[in-house]
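Structure first, then comments.
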Amino acid sequence: MVNKKIWLGAAVTVATTIAVGTTVINHVKADTDDKTVTVGIVGDSSRELWENVSKRTEKKYGVKIKIKVFSDYVKPNQALVDGSLDLNAFQTKVFFDDQNKKLGNKLVSIGKTVISPIRLYSLKHDKLADLKDGAQVVIPNDATNEQRALNLLVQAKLIKYNESVDTPTVKDITDNPKKLDIVEIASDQTVSALKSADAAVINGNYAQDAGLKTKNVLLTQDVSNPKTASPYINIIAARKDKAKTKAYREIVKVYQTKTTEKEINKLYNGFESAAWNLK
């Protein structure tokens with residue numbers, strides 16, 4: 001009787017082991033075959049384009065894209081590092097390099113997407129010359145966008161700053177003949193601040209989401225020179241250890257096509273343009 005119990009116990013143990021083993025095998029297989037990729041974007045302006053890319057990627061490769069929208073520029077990279085995102089697509093190369101360094105260089109660019117010139121907007125003035133002495137101008141306060149904004153004000157011949165500084169701020173302005181009141185705030189607050197300020201430097205995605213018009217533009221960043229434009233090309237980012245994932249490469253292939261370029265031109269009316277062929 002005792003022997004029978006022992007035998008039955010052993011049989012149950014073996015059966016359990018086989019069942020657990022099967023579960024483990026199936027789990028590994030599911031991970032290997034998983035073709036749902038979560039992509040983080042910032043603002044709603046990119047959603048429609050990515051929905052289009054998602055449909056075409058699923059049709060061609062069977063890869064499903066889950067889109068997650070963020071409202072700021074910092075969280076999507078943190079989410080990519082901690083694994084709650086597979087890819088993100090919202091940032092310029094120069095911003096990515098800065099953030100990646102702060103996050104331990106765990107991320108990598110796997111493909112270029114678009115270029116979106118930064119612009120100086122005003123709801124109170126029709127042209128640059130209308131900005132009076134002491135006018136308030138709002139600019140983004142994160143390291144890379146602030147430098148980009150300062151460069152735009154230099155392009156406008158409104159200021160000069162010490163360009164030898166790695167991450168310049170308003171403190172590095174060396175010449176401000178109109179004594180402009182230049183206020184640094186978070187990028188996602190620049191649109192709101194435009195209501196009270198004389199002018200604001202605003203990133204393209206926030207401007208699109210807010211429905212700002214071309215008539216509100218005082219100046220557009222010059223991106224005609226590939227050398228000066230290159231740092232401001234947007235990219236698709238992934239974790240280094242996952243960068244060669246087949247599904248990710250397939251998403252990049254679908255994105256970097258003529259069909260996507262046509263969608264960009266249709267959706268963004270000049271706010272953004274395809275940049276994957278820019279050197």
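Positive end of the dipole of the range 181-279 (Cβ unit charges, origin at the Cα centre): among ASN216, ALA243, TYR206, the Cα lying farthest that way belongs to ALA243.
Computed from Cα positions, the angle between helix 93-102 and the longest principal axis of the chain comes to roughly 60 degrees. Taking the Cα centre of the range 179-248 as reference, the dipole from Cβ charges on Lys and Arg (+1) and Asp and Glu (-1) amounts to some 500 debye. Which ³J(HN,Hα) values in Hz, rounded to whole numbers, follow from the phi angles of the range 60-70 under the Karplus curve 6.51 cos²θ - 1.76 cosθ + 1.60, where θ = phi - 60° and Gly and Pro get x? Coupling constants for the range 60-70: 7, 10, x, 9, 8, 10, 9, 9, 10, 9, 10 Hz. Put simply, when 78-84, 93-99, 129-135, 231-237 are sorted by average Cβ atoms within 10 angstrom per residue, most first, you get 231-237, 93-99, 78-84, 129-135.
With a Förster radius of 35 Å applied to the C-beta separation of LYS55 and ASN162, the computed FRET efficiency comes to 0.15.
Taking the Cα centre of the range 94-172 as origin, sum charge times position over the Cβ atoms of Lys and Arg (+1) and Asp and Glu (-1), and report the length of that vector in debye to the nearest 20.
With only Lys, Arg, Asp and Glu charged at Cβ, the dipole is about 160 debye.
A simple packing score, the average count of other Cβ atoms within 10 Å per residue, orders the peptides 253-260, 110-117 as 110-117, 253-260, with the highest score first. Shape verdict for the range 223-279, please, from the Cα gyration tensor: rounded (a/c under 1.5), prolate (a/b greater than b/c) or oblate. Oblate is the answer for the range 223-279, as a/c is 1.5 or above yet b/c matches or exceeds a/b.
Spin-label model, ASP175 to LYS195: label points 7 Å out along the Cα-to-beta-carbon direction sit 3.7 nm apart. In terms of distances greater than 19 angstrom between alpha carbons, the cross-link table entries LYS68/LYS195; LYS102/LYS279; LYS66/LYS279; LYS124/LYS215; LYS75/LYS171; LYS64/LYS246 yield LYS68/LYS195; LYS102/LYS279; LYS66/LYS279; LYS75/LYS171. To test your reading of the geometry: what angle, between 0 and 90 degrees and rounded to tens, separates the Cα axis of helix 2-33 from the longest principal axis of the chain? Taking the Cα atoms of the chain, the angle to 2-33 is about 30 degrees. Test of understanding: extend the Cα→C-beta vector of ALA186 to 7 Å, then name every residue of the range 120-138 with backbone N under 12 Å from that spot. Under cut-off, by backbone N: nothing. Positive-end ranking of LEU152, ILE115, TYR255 along the dipole of the chain, with charges on Cβ about the Cα centre, is headed by TYR255. Can you list which of the trypsin sites (Lys or Arg not before Pro) found in the range 177-235 are DSSP loop residues with at most 15 other C-beta atoms within 10 Å? Listed in order of number, the matching sites are LYS178, LYS179, LYS195, LYS213.
Is the shape of the range 42-186 rounded, prolate or oblate, going by the alpha carbon gyration tensor and its root eigenvalues a ≥ b ≥ c, with a/c under 1.5 for rounded and a/b larger than b/c for prolate? Cα axes put the range 42-186 in the prolate bin.
Rounded to whole numbers, the Karplus 3J(HN,Hα) couplings from phi for the range 137-150 are 10, 9, 9, x, 9, 6, 3, 6, 6, 5, 4, 4, 5, 4 Hz, using 6.51 cos²θ - 1.76 cosθ + 1.60 with θ = phi - 60°, and x at Gly and Pro. Taken about its Cα centre, the chain carries a charge dipole of roughly 1180 debye when the Cβ of each Lys and Arg holds +1 and the Cβ of each Asp and Glu holds -1.
Classify the chain as rounded, prolate or oblate from the Cα gyration tensor: take a ≥ b ≥ c as the square roots of its eigenvalues, call it rounded if a/c is under 1.5, otherwise prolate when a/b beats b/c and oblate if not. Prolate, because a/c is 1.5 or more and a/b exceeds b/c.
The string of couplings for the range 118-123 from the Karplus curve (6.51, -1.76, 1.60, θ = phi - 60°) is 6, 9, 9, 10, 8, 9 Hz, one whole number per residue in order, with x for Gly and Pro. Computed over the range 155-279, the percent of Cα pairs more than 21 Å apart is 58. Close amide H pairs (under 5 Å, H built 1.01 Å from N) link ILE65 with VAL37, residues at least 5 positions away or on another chain.
No value in this document is a laboratory result; all are computed from the given coordinates. Just so we're clear, the structure is a prediction, and the values are computed from it rather than from any experiment. Glycine also receives a Cβ, built like all others from the backbone with ideal geometry; neighbour counts cover every protein chain displayed.
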